[in-house]
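A short write-up of the structure that comes next.
What follows draws every value from the coordinates through simple rules; no lab data is involved. Everything numeric in this text was worked out from a predicted model, so none of it was measured. In this analysis, Cβ positions are derived from the backbone assuming ideal geometry, glycine residues included, and neighbour counts consider all displayed protein chains.
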Amino acid sequence: MNDEQAVVDLRSDTVTKPTEGMRRAMFEAEVGDDMVGEDPTVNALEAYCQELFQKPAAVYCCSGTQSNQAAIWSHCHPGDAIVIEQKGHLANYEGGAPAALAGVTSILVPGEGGMLDREHLEGSLKPREQHFPWPRVLCLENTTNIGGGRAYPLDQLERATGWARENDLKCHLDGARLFNACVSQSYRPDQVARLFDTVSICFSKGLGCPMGSMLVGDEQIIKRARRARKLFGGALRQAGVVAASALYALRHHRNRLAEDHQNARRLAEKLAQIPGLSLNVDHVETNVLFAEVDRSRITPQEFSQRAAQKGVKFYAIDATRVRFVTHLDITAEMVDRAAQILHSIMLELDSDSIWECEASSSRVY
Ligand SMILES: Cc1ncc(COP(=O)(O)O)c(C=O)c1O
């Protein structure tokens, strides 16, 4: 299938298929039993991440949910609370896992674009006394997902984690798309990681792997996280087959994330011209973008259904917004074609409403 026929799938960067080079690396991977520390490829991947993030330990996990929740479980006691932006993925989209697995509640703090700064956090904590859940860890997300694909500037991360330290909180980073942030903001992974006790990264998003995440931190916390991974049913055996995809992606797919960002920007500029859609192009910093849909024309759900019938897929996120995500399998040509199709859907609505108007006028008069 060539680009002209292919469905343009902008639902998520999780829809990518492994490239040929990645498949070859997976095929050739040396493997062993990871549960007893004998998978050489998993060990190499963990060592690679320790170096990249300048952290003493790392544990390879099945998913971002697992590495985030292993971190929460490891930092907290039942009855504790995590502090997190109100749209944060790990509190809102991981099946209620902080409560279900670690016995902790969430203090949801409104931020901006899914990001928190000192001014949002000030005053969010209750005293550590018997009535209240005890706040234990500040969780930030970089880049933000439902917040709109925003990337934290380094000084904002410093301010937010600085506030956490002053308030005796640990810091966890949900870095499912941290490499997108690194490319967008021109900082290194270790410059971010030094501010956090634990950092979770995903290989199955922009990096294009079939699965897998990594949690990095110090020896003690990662020892607990390894225990959590086992408890959650995620301890692995010959996982080198998939770890090889992550090693391949870290070496070959990190810098190319800039292309996804350019394509997202290209899409945003085109969407901003379409009647019935609105978005702030300047907020498109990475590969995730949201547009507001004018509900007097069409609901986000209907819009996404009509578009899917014409070969463009994206998610309706809530009552007013749709989300588009660019990735490894999206080209600039596909972006242009998607924008054209979406534009034609909105124009069709205009002509439908003229017909409806005429039909209704003939009925009435
Ligand atoms: C910000 C963020 N964190 C964590 C996750 C969870 O990753 P997984 O789907 O691998 O469990 C996602 C998935 O979309 C995400 O967007």
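Points to keep in mind about this one:
- Cα gyration tensor shape of segment 256-360, rounded if a/c is under 1.5, else prolate or oblate by comparing a/b with b/c: prolate
- The long axis of helix 219-231 is offset from the longest Cα principal axis of the chain by roughly 60 degrees.
- The Cβ shell under 14 Å around residue 34 holds other residues with a net charge of -1, Lys and Arg each +1, Asp and Glu each -1.
- Rounded Å value of the spacing that divides the Cα centres of segment 111-164 and segment 306-350: 32 Å
- Axis of helix 240-252 versus longest Cα principal axis of the chain: the two differ by about 70°, to the nearest ten degrees.
- Rg/Rg_ref, segment 171-233, where Rg_ref = 2.2 N^0.38 Å and atoms are Cα: 1.18
- Put a dot 7 Å past the Cα of residue 23, heading toward its Cβ, do the same for residue 351, and the two dots end up 4.1 nm apart.
- Tilt relative to the chain, helix 40-53 - C-alpha long axis, 0 to 90 degrees, to 10: 80 degrees
- Anisotropy class of segment 1-118 from Cα gyration tensor, a/c 1.5 cut: oblate
- Global form of segment 95-135, assessed from the alpha-carbon gyration tensor, a/c cut-off 1.5: oblate
- Coordinate range along principal axes, alpha carbons of segment 1-69, Å, largest first: 47, 30, 21
- Applied to segment 308-313, the Karplus parametrisation 6.51 cos²θ - 1.76 cosθ + 1.60 on θ = phi - 60° returns per-residue 3J(HN,Hα) values of 4, 5, 9, x, 10, 10 Hz, with x for Gly and Pro.
- Convex hull volume per residue in cubic angstrom - Cα atoms of the chain: 154 Å³
- Subset of 205/310; 55/223; 17/313; 55/126; 17/230; 205/270 violating a 22 Å alpha-carbon distance limit: 205/310; 55/126; 17/230; 205/270
- Sites residue 30 and residue 309, calculated FRET efficiency, Cβ-Cβ separation with R0 56 Å, nearest 0.05: 0.75
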